Amino acid sequence: KQDLSLKDFQAEIKKNERLLRIKFHSLTKKEKDLLAKTVKLSEEVGELSNDILAVLSLQRKSKLKKFNKRNLYEEFADVIISTVILANSLNVDLSRAIKEKMEIILNRYVNDKPQ
């Protein structure tokens, strides 16, 4: 079978878009709110990632000139705040979730660490 060109691939996706589309109109207001909060969290993680790249001097020069380390603190806070907002929307007890996950992580580390 011949490889699809990018143009052919786009045409194929366009032809099948209705089959692939998520039916957002069927979502409730609460579900749409959860989706928006999830997208917001993803945005904040992306901004934090950009700042970490800047700390490592892996951004292009124009971005590095604008970088202020104080912004890194703000981006960490934004990620945490967005996470808590989303957790609250889903009635997730973060204290319990973190405690249980830390036990799993620590047990896995102890059992997997080199001798």
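In table form, for the structure just shown:
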| quantity | calculated |
| --- | --- |
| Average accessible area per residue (Å²) across the range 15-115 - probe 1.4 Å, nucleic acids and ligands excluded | 85 Å² |
| Rough spin-label spacing in nm, given labels placed 7 Å along Cα→Cβ, for Lys99 and Asn71 | 3.9 nm |
| Helix axis angle, 29-55 relative to the chain longest principal axis, alpha carbon, degrees | 70 degrees |
| Positive-end extreme of charge dipole, the chain - chosen from Leu53, Leu34, Asn16 (charges on Cβ) | Asn16 |
| Cα-projected label distance for Leu106 with Leu6, points at 7 Å along beta-carbon direction, nm | 5.0 nm |
| Shape category assigned to the range 69-115 from the gyration tensor of Cα positions, a/c cut at 1.5 | oblate |
| Helix 6-20 axis, angle to the chain major axis (alpha carbon atoms, nearest 10°) | 80 degrees |
| Cα-Cα over 27 Å, subset of Lys69/Lys113; Lys40/Lys66; Lys29/Lys69; Lys40/Lys101; Lys15/Lys37; Lys23/Lys63 | Lys69/Lys113; Lys29/Lys69; Lys15/Lys37; Lys23/Lys63 |
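The values are calculated or read from the model by the stated rules, or taken from the named source; none is laboratory data. This structure is a prediction, so every number in the text was calculated from the model and none was measured. Ideal geometry is used to build each Cβ from the backbone, glycine not excepted, and the neighbour counts take in all protein chains shown. Areas reflect the complete protein model, heavy atoms only, side chains present, ligands, DNA and RNA absent. Shrake-Rupley method; radii C 1.70, N 1.55, O 1.52, S 1.80 Å.
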